[in-house]
1. What net charge is computed for the residues neighbouring residue 34, neighbours being all others with C-beta under 9 Å from the C-beta of residue 34, Lys and Arg scored +1, Asp and Glu -1?
2. Can you give the FRET efficiency for residue 146 and residue 197, using 1/(1 + (r/R0)^6), R0 = 41 Å, r = Cβ-Cβ distance, to the nearest 0.05?
3. Sticking with the crude label model, points 7 Å out along Cα→Cβ, report the distance from residue 56 to residue 20 in nm, one decimal please.
4. Quick one: 3J(HN,Hα) in Hz for region 147-157, Karplus 6.51/-1.76/1.60 with θ = phi - 60°, rounded, Gly and Pro as x.
5. With each label point set 7 Å from Cα along the Cα-Cβ vector, what nm distance links residue 81 and residue 154?
Amino acid sequence: MILTSQQIMDRINKKELVFSPQIDQFQIQQHSVDLRLGFSFLLPKAWDLTNEGRVAVRTDHLDMDHKTMRHTLVELEEGQVFDILPGEYVAVTTLEKIKLPDDLMAILYPRSSVNRRGLSIDLTGVVDAGYEGNLLIPVRNNTQSQVIRMYPGERICQVVFEEISGSVEVKQSRWQNSDVIVTIKEERSTSEMDFVRKGNITGLKKEFPLE
């Protein structure tokens with residue numbers, strides 16, 4: 001069941017659903033909450049200066065030995081803006097931290113007004129029950145010639161809350177209570193990723209069957 005605005009407010013008033021800073025009257029919608037753009041912007045790096053010289057940055061999230069810093073962090077202050085260039089991709093965080101109870105999950109959606117400006121808010125994200133922290137938002141300027149200005153504090157996306165029918169085992173996310181904008185974290189070195197890096201998908205399926 002998707003929560004209505006009144007049900008969302010009831011959860012907030014009972015402190016079962018927490019936003020920090022608290023949302024305002026502009027953010028609550030009929031059956032969703034608009035989230036505001038934060039002050040941190042993460043830009044992919046195209047090159048780096050190493051002992052070899054100026055070299056292109058190679059992105060391989062499964063290469064655990066590749067230590068090149070792949071992103072540049074831009075932190076703005078109140079009153080400052082961020083111009084996103086034509087074709088440019090950035091990752092940003094929401095202004096709000098969110099804390100979900102164990103019986104609620106959330107789904108992120110773009111706001112149509114943002115998309116109409118030429119920005120693509122590529123959200124297919126599910127926020128797991130029990131999650132606590134900021135949310136990372138990918139943004140792209142889809143225009144070929146226009147610079148689009150973004151204002152920290154503007155409403156950038158919306159989140160819909162759904163009640164979970166039945167009990168779930170809440171797992172601790174690696175993003176839990178972390179500063180997700182500092183870097184896009186390396187993929188965890190798990191047994192799963194060891195199989196994937198080696199291309200041994202058959203072995204992975206054999207070693208970890210669904211029980």
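1. Values: positive: 36, 111, 155; negative: none.
Its environment carries a net charge of +3.
2. Details: r = 40 Å, r/R0 = 0.98.
Once the sixth-power term is evaluated, E becomes 0.55.
3. Here the answer is 4.3 nm between the modelled labels.
4. Each residue's phi maps through the Karplus curve to give 8, 10, 8, 10, 10, x, x, 6, 6, 10, 8 Hz.
5. Result: 0.8 nm between the two label points.
A short reminder: the numbers here are calculations on the coordinates, not readings from a lab. Because the structure is a prediction, the values reported are computed rather than measured. Every residue, glycine among them, receives a Cβ derived from its backbone with ideal geometry; neighbour counts consider all protein chains shown.
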